[in-house]
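Engineer: Here it is, the structure, as structure tokens.
Quick note: the coordinates plus some simple rules give every number you see, no bench work behind them. Fair warning: this is a prediction, and the values are worked out from it, not measured in the lab. Glycine gets a Cβ as well: all are built from the backbone with ideal geometry, and neighbour counts include every protein chain shown.
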Amino acid sequence: MPATLPQTTLPPKTWYSPEEYLAFDNAAEGRFEYMDGRITPVGQPDMVNVLDPTFRAGASPAHYELSRVAGGLLFSRLSASCRAYTSDARVHIPITRAYTYPDIVIVCGKPEYLDPEAAIPSLTNPRVIIEILSESTADYDRMGKFMRYRSIAALQEYVLIDSRQMAVEVFTRNETGWNYLPANEPVDSLILTSVGVSISLAELYADILPDAAALAEQL
């Protein structure tokens, strides 16, 4: 039988197994991530092992807008062999048996799953992972998650899009490690080499920053 987690009326444990996490997340109304035996709501990495299955973490309007715009631009520009998933795609990280829900995941070819028969199957072959930074997640996304994402063999690019300012960071896998390319001007572009897509920052931030909107109209 699948392991079950205590309800919120019971004292939480300090460490949960991956099996316990999956049983909880598959049944929860909200979405939760799992790293190092700790369960946290998506977007709230400091809420460790607060096991309220009805909890849904909110995000800023800028975060939601960037996710919507980036997802739409990718949908229109990706080739037919690739697809973008937004927020509800759970990803398995093999090095520590961790699980996350990135803001956007790009998969090319057939999606592969660790647990294809599960209520929420966990992707194992993301080519690109995009996280949108907020005040509560910036350090977690930049350090804690990236250290683990690098163990995913299929991953070619990791992207950080800041919701607080015009700033994008792209980490691209090469033969010796990872290249780093920042961009923070409206005329700069978010370039995803592995999927052949380019998005100007003016387009990306057009509905968030007035100066970017004005420049986007000229492009």
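Engineer: May I ask what percent, to the nearest 5, of DSSP beta bridges between residues of segment 115-219 are antiparallel?
Structural biologist: Approximately 70 percent, going by the DSSP bridge assignments.
Engineer: Ranking request for peptides 178-187, 196-205, 134-143: highest mean number of other beta-carbon atoms within 10 Å first, then the rest in descending order.
Structural biologist: 196-205, 134-143, 178-187
Engineer: What's the extension gain from Val187 to Asp36 if we count 0.36 nm per residue and subtract their Cα-Cα distance?
Structural biologist: Gain in length upon complete extension: 50.4 nm.
Engineer: Dipole of the chain (Lys/Arg Cβ +1, Asp/Glu Cβ -1, origin at the Cα centre): which of Gly109, Gly144, Pro182 lies farthest to the positive side?
Structural biologist: Gly109
Engineer: Can you tell which of Ala118, Ala62, Pro45 lies farthest toward the positive end of the dipole of the chain, using +1 and -1 charges on the Cβ of basic and acidic side chains (Lys, Arg; Asp, Glu)?
Structural biologist: Farthest towards the positive pole: Ala118.
Engineer: Moving to a separate point now. Assuming R0 = 22 Å, can you tell me the calculated FRET efficiency for the pair Asn26 and Ser81, based on Cβ-Cβ distance, to the nearest 0.05?
Structural biologist: That gives a FRET efficiency of 0.15.
Engineer: Suppose every K and R has +1 on its Cβ and every D and E has -1 on its Cβ; what is the size of the dipole of segment 61-218 about the Cα centre, in Debye to the nearest 20?
Structural biologist: I would put it at about 640 debye.
Engineer: Sticking with this structure for a sec: Would you list the membrane-span-like helices of the chain, meaning whole DSSP H runs whose alpha-carbon atoms span at least 15 Å along their axis and whose mean Kyte-Doolittle value is at least -1.0?
Structural biologist: The answer, listed by residue number, is 61-77.
Engineer: Could you grab the Rg to Rh ratio for segment 23-86? Cα atoms only, Kirkwood for Rh.
Structural biologist: Expressed as Rg/Rh, it is 1.09.
Engineer: Right, something else. Which distance in nm do the two modelled labels at Asp207 and Ala138 give, with both placed 7 Å along the Cα-to-Cβ direction?
Structural biologist: 2.4
Engineer: Whole number please: convex hull volume per residue, Cα atoms of segment 116-165, in Å³.
Structural biologist: Normalising the Cα hull of segment 116-165 by residue number yields 91 Å³.
Engineer: Please report, to two decimal places, log10 I(q)/I(0) for segment 53-120 at q = 0.16, 0.20, 0.24 Å⁻¹ as given by the Debye formula with identical point scatterers on the Cα atoms and no solvent.
Structural biologist: Cα-only, vacuum Debye calculation for segment 53-120: -0.70, -1.00, -1.18.
Engineer: Of the DSSP beta bridges with both residues in the chain, give the percent that are antiparallel, rounding to the nearest 5.
Structural biologist: Taking every DSSP beta bridge with both residues in the chain, the antiparallel ones total about 80 percent.
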